[in-house]
Amino acid sequence: MALSPADAAFVESHPSAAMITIATDGTPKVARVGIAVVDGKVWSSGTQERVRTRRLRRDPRCTLFVFDEGFAFLALETTVTLLEGPDAAALNLRLFRIMQNRPSGPIVWNGAEIDETPFLERMVEEGRLVYEFEVDRSYGLT
């Protein structure tokens with residue numbers, strides 16, 4: 001199922017979500033993440049070493065709970081693809097440009113502006129990848 005235009009609009013105006021993955025014993029585990037819509041799909045950034053990345057390698061099912069300051073919410077039941085490898089740094093740059101609404105120029109990273117080349121180098125050093133969420137089901141109160 002593709003991300004509907006209404007769901008995409010909600011995500012674009014509410015870029016914070018709880019990312020819920022599944023532990024080996026079946027327990028849901030939650031992490032707060034930043035998200036954005038890229039080419040009609042929801043993306044988030046992570047690293048090779050994060051626990052949630054290991055969980056997703058074992059079981060790619062994930063629920064995103066996208067919320068606002070009130071009672072509106074969107075739940076996205078998804079299957080995650082890890083976008084990694086030699087293109088991962090450039091994919092993160094693309095994601096952060098959308099998240100920060102900065103089509104060009106420096107990117108904000110850890111509270112400071114940095115130019116594109118050092119940003120890409122940092123993405124490689126940190127082992128960054130992109131979580132791409134394929135929506136299987138959506139529901140909520142939007």
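For the range 117-133, the criterion of being more than 13 Å from the chain's Cα centre (by Cα), assigned to a strand (DSSP E or B) and surrounded by 17 or more Cβ atoms within 10 Å (Cβ to Cβ) is met by no residue.
Can you find even one residue in the range 15-36 that is out of contact with any strand residue (DSSP E or B) (no Cβ under 8 Å at 6 or more places or on another chain) and assigned to a helix (DSSP H, G or I)? There is no residue in the range 15-36 that is out of contact with any strand residue (DSSP E or B) (no Cβ under 8 Å at 6 or more places or on another chain) and assigned to a helix (DSSP H, G or I).
Restricting the range 74-87 to residues that are part of a loop (DSSP other than H, G, I, E, B) and at negative phi leaves a set whose member that is farthest from the chain's Cα centre (by Cα) is Pro86. Filtering Gly111, Gly70 for residues that are on the phi > 0 side of the Ramachandran plot and not polar (S, T, N, Q) leaves a single hit, Gly111. Here Thr53 clears all of (1) loosely packed, with under 13 Cβ neighbours inside 10 Å; (2) of a type outside the set (Phe, Trp, Tyr); (3) outside any strand (DSSP E or B); (4) under 15 Å from the mean Cα position of the chain (by Cα) except the condition numbered (1).
Would you check which residues across the range 34-78 are among the aliphatic types (A, V, I, L, M), more than 15 Å from Phe10 (Cα to Cα) and in contact (Cβ under 8 Å) with a residue 60 or more places away in the chain and list them? Selection gives Leu56 alone.
Condition first: surrounded by 18 or more Cβ atoms within 10 Å (Cβ to Cβ) and within 11 Å of the chain's Cα centre (by Cα). Now tell me which residues in the range 12-31 satisfy that. Residues satisfying the conditions are Ala17, Met19. The condition of being at pLDDT 95 or above and open to solvent by less than 10 Å² (accessible area, probe 1.4 Å) holds for only one of Gly46, Gly34, that being Gly46. Against the condition of a type outside the set (Ser, Thr, Tyr), open to solvent by less than 50 Å² (accessible area, probe 1.4 Å) and outside any strand (DSSP E or B), how does Phe71 come out, does it pass? The answer is no for Phe71.
Inside the range 89-116, residues that are of a type in the set (Gly, Ala, Ser), touching a Lys or Arg at 6+ places or on another chain (Cβ under 7 Å) and open to solvent by 30 Å² or more (accessible area, probe 1.4 Å) make up a count of 0.
The values are calculated or read from the model by the stated rules, or taken from the named source; none is laboratory data. Here the structure is a predicted model, which is why all the values come from computation and not from measurement. Note that we place each Cβ from the backbone using ideal geometry, even for glycine, and neighbour counts take in every protein chain shown. Surface areas here come from the heavy atoms of the whole protein model, side chains and all, with no ligands, DNA or RNA. Shrake-Rupley method; radii C 1.70, N 1.55, O 1.52, S 1.80 Å.
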